[in-house]
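This report concerns only the one structure given below.
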Amino acid sequence: MKRMASQMLTEQRGSTLVLTLSDPASRNSLSPQASAAGLEALERAAADAEVRCVVLRGDGEHFCGGGNLPRLLGVRDGTPEPQIESMRLLHAFVEALVTLPKPVIAAVEGFAAGAGVGLVLACDLVVAAEDAKFVLSYGRVGLSPDAGATWQLARRVPRAQAMRMLWLPSPQPVQAWQQMGLINEVADAGHALPRALALADELAAMAPNAMASAKQLMNEAVVSPLREQLDRERDHFVRNLFHDNGGEGISAFLEKRRPKFSAG
């Protein structure tokens, strides 16, 4: 009997869109269907003013086991084109996570492996359970990294650490990732999602236009000369100052009250 491929489930919780990669039997391995559904959900979220944050999680005890190895083995019986299309969808999903003009939070339980690590690194913030583990090590199955892992690691950790993560098969505990600055908060086992949702609620109270500017500026900063980045910061700052939310935020601070930001 042929098993169903993993799915990407969506659920709206207040102002937060929760995306759940679902195939617990395979530790929520990736599939083209899940990547396509995730990409579509993010495109809708970008256009929906009611969505202020996105939380990405795995169904059950694990976050994501990476690629489905039995499926990949079967792909070798045919031509490369189906796998090229599969990776196009996965990488479009990763790029959408990085560029979405809204905060994206990973809620990690159990294992994040292979491309699952790439998904974690593509998120803006990470809440991980105290017993979570992270492993890349594509070499032990004769493959090379995907899902943007090399792009992220090259910008965020020293090269020696990145190469160790990419080459060696030992899973890294959450404490190691926290020391490298790759995790924002460690939660009790089984409580990564509630903590991520609480963090999303905090972010949802901020001015969405200002949040989008900060994310865009950070994404551009890693490839921009200082002068260009300063010009971008000037343009964003002035635009946000003259936005209604700029006036509301400053007034609320001076009046010692909670601001009421618009979604526009």
Only listed residue being surrounded by 23 or more Cβ atoms within 10 Å (Cβ to Cβ) and modelled with pLDDT of 95 or more, chosen from A96, A112: A112
Residues of region 4-31 satisfying the condition of being in contact with a Pro (Cβ under 9 Å, 6 or more places away or on another chain) and surrounded by fewer than 19 Cβ atoms within 10 Å (Cβ to Cβ): A5
Flag for V108 being of a type in the set (V, I, T), in contact (Cβ under 8 Å) with a residue 24 or more places away in the chain and within 25 Å of L199 (Cβ to Cβ): yes
Residues of region 59-79 satisfying the condition of being loosely packed, with under 14 Cβ neighbours inside 10 Å and part of a loop (DSSP other than H, G, I, E, B): R76, D77, G78, T79
Options A200, A196, A187, A192; residue that is more than 24 Å from E95 (Cα to Cα) and in the same structural domain as A107 (by TED's automatic domain parsing): A187
Any hit, region 216-230, residues being under 27 Å from the mean Cα position of the chain (by Cα) and among the β-branched types (V, I, T): yes
Residue among A128, A107, A113 that is closer than 24 Å to P208 by Cβ, hydrophobic (A, V, I, L, M, F, W, C) and within 16 Å of the chain's Cα centre (by Cα): A107
Meets criteria (in contact with a Pro (Cβ under 6 Å, 6 or more places away or on another chain) and not hydrophobic (A, V, I, L, M, F, W, C)) for G264: no
Single condition L254 does not satisfy, out of (1) at pLDDT below 95; (2) over 26 Å from C123 (Cβ atoms); (3) hydrophobic (A, V, I, L, M, F, W, C): (1)
Unique residue being hydrophobic (A, V, I, L, M, F, W, C) and under 26 Å from G190 (Cβ atoms) when the list is V141, V55, V94, V157: V55
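The values are calculated or read from the model by the stated rules, or taken from the named source; none is laboratory data. Keep in mind that this is a model prediction, so the values were computed, not measured. Note that each Cβ is placed from the backbone with ideal geometry, even for glycine, and that neighbours are counted across all protein chains shown.
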